Amino acid sequence: MNNVSEIQRVFILGMDGAGNFIQNTPTPFIDAFLAKGAVTYNAQAQSPTISAECWGSVLHGVVPEKHALNNEIAAKTAYPSDSPYPSIFRLVREASPEAKLAAFSCWTPINSGIIEDNLGVHKESKPDAELVAAIEAYLEHNADVKLLFMQLDEPDGAGHTYGYGPDSPEYLNAITINDELFGRVITSIENQGLLDHSLVILLTDHGGGGSHAYSHGSDHPMDKNVFWGCVGPGVAAGTSLPELFIVDTAAVVLHALGLQQPASWDAKVPKGLFSKVNVI
Ligand SMILES: [Zn+2]
């Protein structure tokens, strides 16, 4: 179980606006899980450090200047299904017409405006805890899912209300609550017997509190630095990741599923992530 070719499915589990502040509050589930794989607390969010721009890059493999998403556009418009910058969902769908694909996003514009319509992706939008219950229910009947994306929203909500960073107890508590929800999803993946053949990526899209205590969007390290980690076949425990932008998530997903990425992408598989294969 130690080669990337063993990977049959990918889970992307995200929380919004947590930066690298999982280091400042108890996150026992995430810590224990990522000890089995690769992790960095200095991954870089894309600029500007805003949700649609950043999740857009995670899912489309290009920088925000190319996918051209922002929060307003994502909220109002469906992502063009003929864009030269397709999402990972579109690429997996084109390669696997029958594959089960799923997106569980608390922030609705991810499902409606960032991931293309008409791909047969199972999409649900609910508050964090309900979303996790929906994933648990989904996995009971769809253990053969090929790509599942999750975005929880509470850390960003708490940051906007109470302030971001290590001095905001409400914000830190929201991250700890999300950690427990991540733990439930990971347990569910494990209970379905999927862990040995899955790549599980954990990440956040941006931080906050850099140029403004109650917001984000700047290039300040509090906004830019984010945690990113993954566990799965081919990823050795204790792997360090010296240089990673969150856009690279898309390249990791395609590589794990054995698919070629479009030449137009900015995403790269981080050097040294997969220990047992030659990185293409
Ligand atoms: Zn925000």
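Side notes on the structure shown:
- All of (1) away from the ligand (no atom under 16 Å from the Cβ); (2) within 15 Å of the chain's Cα centre (by Cα) hold for Asp153 with one exception: (1).
- Among the residues making up region 8-49, those that are crowded, with 23+ Cβ neighbours inside 10 Å and either modelled with pLDDT under 95 or within 16 Å of the ligand (Cβ to nearest atom) (or both) are Gly14, Met15, Asp16, Gly17, Ala18, Gly19, Phe21, Ala45, Gln46, Thr49.
- Filter pass, Glu136 being of a type outside the set (A, V, I, L, M), in a helix (DSSP H, G or I), open to solvent by 70 Å² or more (accessible area, probe 1.4 Å) and at negative phi: no
- Meets criteria (out of contact with any helix residue (DSSP H, G or I) (no Cβ under 6 Å at 6 or more places or on another chain) and basic (Lys, Arg)) for Lys100: yes
- Those residues of region 215-261 which are small (Gly, Ala, Ser) and more than 28 Å from Arg90 (Cβ to Cβ), in sequence order: Ser215, Ser218, Ala236, Ala237, Gly238, Ser240
- Test result for Leu147, away from the ligand (no atom under 14 Å from the Cβ), open to solvent by less than 20 Å² (accessible area, probe 1.4 Å) and not in a helix (DSSP H, G or I): yes
- Taking the listed residues Gly234, Gly165, the one that is open to solvent by less than 60 Å² (accessible area, probe 1.4 Å), away from the ligand (no atom under 16 Å from the Cβ) and part of a loop (DSSP other than H, G, I, E, B) is Gly234, with no other qualifying.
- Every residue from region 186-223 that is outside any strand (DSSP E or B), open to solvent by less than 10 Å² (accessible area, probe 1.4 Å) and either within 17 Å of Asp16 (Cβ to Cβ) or within 16 Å of the ligand (Cβ to nearest atom) (or both): Asp205, His206, Gly207, Gly208, Asp223
Rundown of residues vs (1) open to solvent by less than 10 Å² (accessible area, probe 1.4 Å); (2) aromatic (Phe, Trp, Tyr); (3) at pLDDT 95 or above; (4) over 14 Å from His60 (Cβ atoms), yes/no style:
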| site | (1), (2), (3), (4) |
| --- | --- |
| Ile73 | no, no, yes, no |
| Tyr79 | no, yes, yes, no |
| Ile88 | yes, no, yes, no |
| Ala103 | yes, no, yes, no |
| Trp107 | no, yes, yes, yes |
| Glu116 | yes, no, yes, no |
| Pro127 | no, no, yes, yes |
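- Strands (runs of 3 or more DSSP E) wholly inside region 1-120 that include at least 2 residues being in contact (Cβ under 8 Å) with a residue 40 or more places away in the chain, under 23 Å from Asn225 (Cα atoms) and not charged (D, E, K, R): 9-15, 38-44
- Region 168-185 - residue that is in contact with a Phe, Trp or Tyr (Cβ under 7 Å, 6 or more places away or on another chain), part of a helix (DSSP H, G or I) and not aliphatic (A, V, I, L, M) and, of those, nearest to the ligand (Cβ to nearest atom): Tyr171
The values are calculated or read from the model by the stated rules, or taken from the named source; none is laboratory data. Here the structure is a predicted model, which means the values were calculated and not measured. Positions of Cβ are generated from backbone atoms using ideal geometry, with glycine treated the same way; all protein chains shown enter the neighbour counts. Surface areas here come from the heavy atoms of the whole protein model, side chains and all, with no ligands, DNA or RNA. Shrake-Rupley method; radii C 1.70, N 1.55, O 1.52, S 1.80 Å.
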